[in-house]
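This report concerns only the one structure given below.
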Amino acid sequence: MGWDESRKMGWHDLPAGGLIPLAGNAEKYKTGGWRTFRPILDLGRCTDCAICWFYCPDSAIVFRDEEMVGFDLDHCKGCGICAAVCPPKITAISMVEEGEASRQFGDLGVVTLAEKAAA
Amino acid sequence: MGTIVGFMGNQAVAEAMRQIHPDVCAAYPITPSTQVMEIYSQFVADGKVSTELVPVESEHSAISACVGAAAAGARVMTATSAQGLALMHEILYIAASMRLPIILANVNRALSGPINIHVDHSDSMGSRDAGWIQLYSENAQEAYDNLIQAVRISEHSDVLTPVMVCLDGFTISHSIERMEILSDREVQAFVGTYKPRSPLLDLDHPVTYGALDLQDYYIEHKRQQREALDRHALRVIREVGAEFGALSGRHYDVFEAYRLDDAELGVVVMSSAAGAVKESVDALRSDGVRAGALRLRAFRPFPAREMARVLGQLRAVAVLDRADAFGTPGGPLFADVRTALFDVPNRPQVVSFIFGLGGRDFVPEDAERVYDRLRTVAATSQTEPMCEYLSVRA
C-alpha cells in the first residue's frame with residue numbers, strides 16, 4: 001500500500017477508507033505545542049510511585065529503570081492531571097505557565113528535568 | 001434445481017447466513033427481524049456454525065461490534081429493522097467510510113412515530129446517503145439470493161463497501177414461500193474464502209483504522225467512496241448477478257424490466273409491491289394498454305444511466321415510494337428517477353405516488369389507479385399534483 005509522506009497524496013493514491021498502513025505514527029504528530037502550562041518535576045520530592053504515569057492521557061510520563069525522569073514534552077498537552085493526582089503529601093509536580101517554563105527550563109525537548117530546588 | 005423448501009423470509013435470511021457462515025455476528029432483536037437472529041442463534045447453539053455470536057445491549061453496539069470485527073479481519077453479518085437501523089445511524093457512515101464489507105439484512109419497517117411495526121421503506125431510506133450499497137428484495141427467494149451475492153459484492157477489491165439487503169417486514173419476513181436453496185458447498189464455493197484487505201490482527205503489517213482526518217484529507221477519502229459506488233459497484237453487482245445466474249438459474253441485474261420494451265406507461269417500484277404492479281401490467285396489456293414496470297433492485301448505487309435507457313422512451317412514469325421525503329416534491333425514489341430522466345430528449349413525464357406507509361396494503365387495484373393517472377398524464381402532459389398519496393382516508 002503506497003504511503004508517501006513527502007507530499008499530500010490525492011484520492012487515487014491514498015489508501016481507501018482513511019487507513020494508515022503504519023502503527024503508532026501518531027507519535028510523529030507533536031501535540032506539545034498545544035501546551036499553556038508545563039509540568040515541572042521536583043526530583044527531590046518524587047517517590048517514583050508512578051500514579052502520574054498511570055493517569056497521563058498522553059503517555060507522556062517518562063520512566064527509566066523504574067525511576068521517574070520527566071515528561072515527553074513533544075506530546076504533553078499540559079492538562080495537569082499528573083500534578084492533580086500526585087499524592088498530596090508528595091506534590092512533586094507543579095504546573096508552570098509555558099512561557100515562563102520555557103525561559104527557565106529551555107525549549108521543547110523530549111524530557112525536561114527540574115533541578116533539585118536549591119537547598 | 002436447488003432443494004425446494006417452504007421458508008419464511010426471516011428463515012431464508014438465516015439459512016443464507018448459515019451457509020455463508022460468517023466469523024462474527026453481533027445483533028440486537030427488533031420486530032420484524034428478530035427471528036433472523038433467533039434462528040441463527042439456534043444454529044450456533046446446535047454447533048451447526050462456529051460463528052462468534054455477540055448478543056449486545058443495543059443496535060448501536062451491534063454495528064459497532066461489527067465494525068471492530070470487520071476491521072480485525074472477520075466476515076461479519078447482522079440484521080435489524082426501523083428504530084434499530086436508526087440507532088445504528090452514526091456507525092453506518094463509519095462502516096462505509098472505513099470501507100468494511102459488512103452485510104446487514106434490513107427487514108423494512110416503518111420508522112416511528114407513531115410507533116408502527118409494519119412494512120415501509122422509511123428506515124432504509126433514512127440511511128440512503130450513509131454510503132452503503134442497498135439491494136431491495138422482492139421476495140424470500142431474492143432475499144436469500146441477495147445475501148449470498150452481497151458477500152461477493154462487498155468484498156470485491158474495487159468496491160469494499162458494506163451492503164444492506166432489504167426485505168419487506170411481515171409481508172416477506174413472516175410469509176412462507178416456496179423457494180429453492182443451494183447446497184452448503186455451492187454457497188461456500190460462491191462466496192469463497194475471505195481475504196481481508198488490511199486486518200488489524202495481521203501483526204506483521206500493522207495498520208491504523210479510524211484515524212483523524214483534518215480539512216486537508218477528508219474530502220479525498222469521500223471522493224474515493226463516490227468512485228467506488230459510481231464507477232465500480234454497479235458493474236460488480238451485475239457481474240456477480242450473472243455469475244449467480246450461472247450457478248442457480250436465477251440471474252440478477254440492477255433492476256428487473258417488466259414488459260417495458262414498447263411501453264408507454266411505466267411504474268417504478270421496489271420490493272414486494274412489485275408483484276401487484278406486475279399483475280396490473282398483465283391485466284392492462286391484455287386490454288391493449290402498453291403498460292410496463294421497472295422493479296428496482298439496486299437503489300444504492302442508483303443505476304441512472306441504465307434507467308434512462310429503458311424508461312427514456314415512455315410517455316409517462318409513476319414512481320411508487322414506500323417512504324416519503326417531506327418538504328420535497330415527492331418521494332426519495334422519485335427524486336432519483338426524475339434526475340436520471342432529466343437529460344433524456346423527449347423525456348417522459350414523471351409523477352410521484354406515496355403508498356403503503358406503515359404497512360397499508362397495496363393491491364392490484366391500487367396499481368390500476370396509478371396507471372389510470374398515467375394515462376391522464378400522458379394525454380395532457382400535466383404533472384400536477386406531482387405527489388399523491390395512494391389509499392389514504394381523507
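Taking a ≥ b ≥ c as the square roots of the eigenvalues of the Cα gyration tensor, an a/c ratio of 1.5 or more together with a/b no larger than b/c marks region B:85-210 as oblate. When you restrict to C-alpha pairs under 8 Å that are six or more residues apart and normalise by the size of region B:255-389, the relative contact order lands at 27 percent.
So what is the 222 nm mean residue ellipticity for chain B from helices alone, if each DSSP H run of at least 4 adds -39500 (n - 2.57) and you divide by all residues, rounding to the nearest 500 deg cm²/dmol?
Working: 14 runs with 155 residues, N = 394.
When only DSSP H runs of four or more count, the value is -12000 deg cm²/dmol.
Mean-square fluctuations from a GNM of chain B, with a 10 angstrom spring cutoff on Cα atoms, peak among B:PRO29, B:PRO345, B:PRO329 at B:PRO345.
Computed over chain B, relative contact order equals 16 percent, with contacts defined as Cα pairs under 8 Å that lie 6+ residues apart. If you run the Gaussian network model on chain B, springs between alpha carbon atoms under 10 Å, then out of B:THR380, B:THR51, B:THR34 the most flexible one is B:THR380. Using alpha-carbon positions, what is the distance between the centroids of region B:198-218 and region B:324-339, in Å? Each part reduced to its Cα centre gives a spacing of 37 Å. Between A:CYS76, B:SER124, B:PRO329, the Cα set farthest toward the positive side of the dipole of the protein assembly as shown (charges on each charged residue's Cβ, about the Cα centre) is that of B:PRO329. Roughly how many Å is it from the Cα centre of region B:116-190 to that of region B:1-52, as a whole number? Taking the Cα centre of each part, region B:116-190 and region B:1-52 sit 13 Å apart.
Just want the ordering: B:ASP213, B:ASP168, from fewest to most Cβ atoms lying within 10 Å of their own Cβ.
Ordered by Cβ neighbours within 10 Å, fewest first: B:ASP213, B:ASP168.
Let me make sure I get this right: for region B:314-391, a, b and c are the square roots of the gyration tensor eigenvalues over alpha carbons, sorted descending. Under 1.5 in a/c it's rounded, otherwise prolate if a/b > b/c, else oblate. Which is it?
The shape class here is oblate.
One Cα centroid belongs to region B:265-305, the other to region B:53-112; the line between them spans 31 Å. Here chain B is treated with +1 on each Lys and Arg Cβ and -1 on each Asp and Glu Cβ, and its dipole about the Cα centre works out to around 580 debye. Label-to-label distance for A:THR31 and B:ASP253 is 5.4 nm, based on points extended 7 Å past Cα in the beta-carbon direction. Comparing mean-square fluctuations of B:GLU155, B:GLU220, B:GLU243 from a GNM of chain B with C-alpha springs under 10 Å, the top value falls on B:GLU220.
Take the alpha carbon gyration tensor of region A:1-44, find the square roots of its eigenvalues, order them as a ≥ b ≥ c, and report rounded if a/c is under 1.5; if not, report prolate when a/b exceeds b/c, else oblate.
Values: a/c = 4.16, a/b = 2.99, b/c = 1.39.
Prolate is the answer for region A:1-44, as a/c is 1.5 or above and a/b outweighs b/c.
Taking 26 Å as the straight-line reach from the Cα of B:LYS222, the lysines in range (excluding those fewer than 8 positions away in the same chain) are A:LYS8, A:LYS28, B:LYS195.
Spit out the partnerless Cys residues in the protein assembly as shown, using Cβ distances under 4.7 Å as the pairing rule. Lacking a cysteine Cβ partner under 4.7 Å: A:CYS46, A:CYS49, A:CYS56, A:CYS76, A:CYS79, A:CYS86, B:CYS25, B:CYS66, B:CYS166, B:CYS387. Normalised by the number of residues in region A:29-105, the mean separation of alpha-carbon contacts (under 8 Å, six or more apart) gives a relative contact order of 44 percent. Inter-chain neighbour count for A:18-31: the average number of beta-carbon atoms from partner chains within 10 Å of each residue's beta-carbon is 4.
Would you work out the charge dipole size for region B:255-389 about its Cα centre, treating the Cβ of every Lys and Arg as +1 and the Cβ of every Asp and Glu as -1, and quote it to the nearest 20 debye?
Numbers: 17 positive and 19 negative charges, 73 e Å.
Its charge dipole is roughly 360 debye.
If both residues of a DSSP beta bridge must be in the protein assembly as shown, then about 35% of such bridges are antiparallel.
If you take every residue apart from A:LYS28 with its C-beta less than 10 Å away from the C-beta of A:LYS28, what net charge results, scoring Lys and Arg +1 and Asp and Glu -1?
-2
Of the beta bridges DSSP finds with both residues in region B:3-248, what % are antiparallel, to the nearest 5? If you can, show how the numbers build up before the last one.
On the way: 6 of 26 bridges.
Around 25 percent of the beta bridges assigned by DSSP in region B:3-248 are antiparallel ones.
Sparse packing (at most 15 other Cβ atoms within 10 Å of the Cβ) combined with a DSSP loop state is found for the following GluC sites (Glu not before Pro) in region A:1-90: A:GLU5, A:GLU66.
The numbers here are math on the coordinates, done by the rules we state, and not lab data. The shown structure was predicted, so the numbers you read here are calculated from the model rather than taken from an experiment. No Cβ is skipped: glycine too gets one built from the backbone with ideal geometry, and neighbour counts run over all protein chains shown.
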